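Notes to accompany the following structure.
The values are calculated or read from the model by the stated rules, or taken from the named source; none is laboratory data. Remember, predicted model here, so these are calculated numbers, not experimental data. Cβ placement follows ideal geometry from the backbone for every residue including glycine, while neighbour counts extend to all protein chains displayed. In case anyone asks, the SASA skips ligands and DNA or RNA and just uses the protein heavy atoms, side chains included. Shrake-Rupley method; radii C 1.70, N 1.55, O 1.52, S 1.80 Å.
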Amino acid sequence: MKTLIDKIILVILLLAFLTSIFLIFAWVPPIKASNPAEQIAQRIFYYHVPSAWIGFLAFFVVFIGSIAYLWKRERKYELLSVASAEIGVLFITLVLLTGPVWAKPVWGIWWTWDARLTSSLVLWLIYVAYLMLRRYLPDGNKRANLSAVVGIIGFIDVPIVYYSIRWWETQHPKAVMASSEGGLAAPMFFVFMFSLAAFTLLYVYFMRVRYKLLVMEDSINKQIKEMEIL
């Protein structure tokens, strides 16, 4: 059941994403490029990069939640990690879908096995495996412990993805947000930060809703087991 806070967040999200659509496609100036298709595709940047950042944030929450579970042995940390892992997989899926759409007009190909793209795919596979592990193992300490270990070890790939364009020669563009060669122009930076804020709020909303659903599901499962015992 949605609370008043959830409804308020939902309204703000609707306004934020409608505003971001206007800013991205009607307000921010296009990049200088000889290929018109490249100018259009570049606007995917405002969805592609925030999706990646929120994916990293979600897996960081899994990392912290998994450590907290192994330390405290409290169910809430396990459920928090699961909720964030599901959302993280969703956002990294968006990254893997929007990346090729952006790459095709620029590189002339949909995909290449360079360090950034390959490590991003590996990250997605790790947390899909995390969710599959929880899906097919019976509920209990073994599942909780194994998923926590995977959640912790899997996070190692996040800095690998982030630093891959610095450590290796890749076809993927270099970083523009924290670059010694200069960052984004002011309008582009504003729109990017606005989009990132909207995606962050979307993550918060998803987390609130999904965590509450997991808690309700957990409570129902416990009641069913108690009835079976009786």
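Restricting attention to the stretch 44-83, the residues that are among the polar types (S, T, N, Q) and more than 9 Å from the chain's Cα centre (by Cα) total 2. Filter the stretch 69-113 down to the residues that are closer than 14 Å to residue 211 by Cβ, in contact with a Leu (Cβ under 8 Å, 6 or more places away or on another chain) and open to solvent by 20 Å² or more (accessible area, probe 1.4 Å) and list them by number. If the condition is that a residue be closer than 14 Å to residue 211 by Cβ, in contact with a Leu (Cβ under 8 Å, 6 or more places away or on another chain) and open to solvent by 20 Å² or more (accessible area, probe 1.4 Å), then 86 is the only one that fits. Scanning the stretch 15-54 for residues that are in contact (Cβ under 8 Å) with a residue 24 or more places away in the chain and charged (D, E, K, R) yields a single hit, 38. Against the list (1) at pLDDT 90 or above; (2) surrounded by 16 or more Cβ atoms within 10 Å (Cβ to Cβ); (3) in contact with a Leu (Cβ under 9 Å, 6 or more places away or on another chain); (4) more than 27 Å from residue 80 (Cα to Cα), the condition residue 116 fails is (3). For the stretch 104-127, a tally of residues being in contact (Cβ under 8 Å) with a residue 40 or more places away in the chain and either in a helix (DSSP H, G or I) or more than 20 Å from residue 163 (Cα to Cα) (or both) returns 11.
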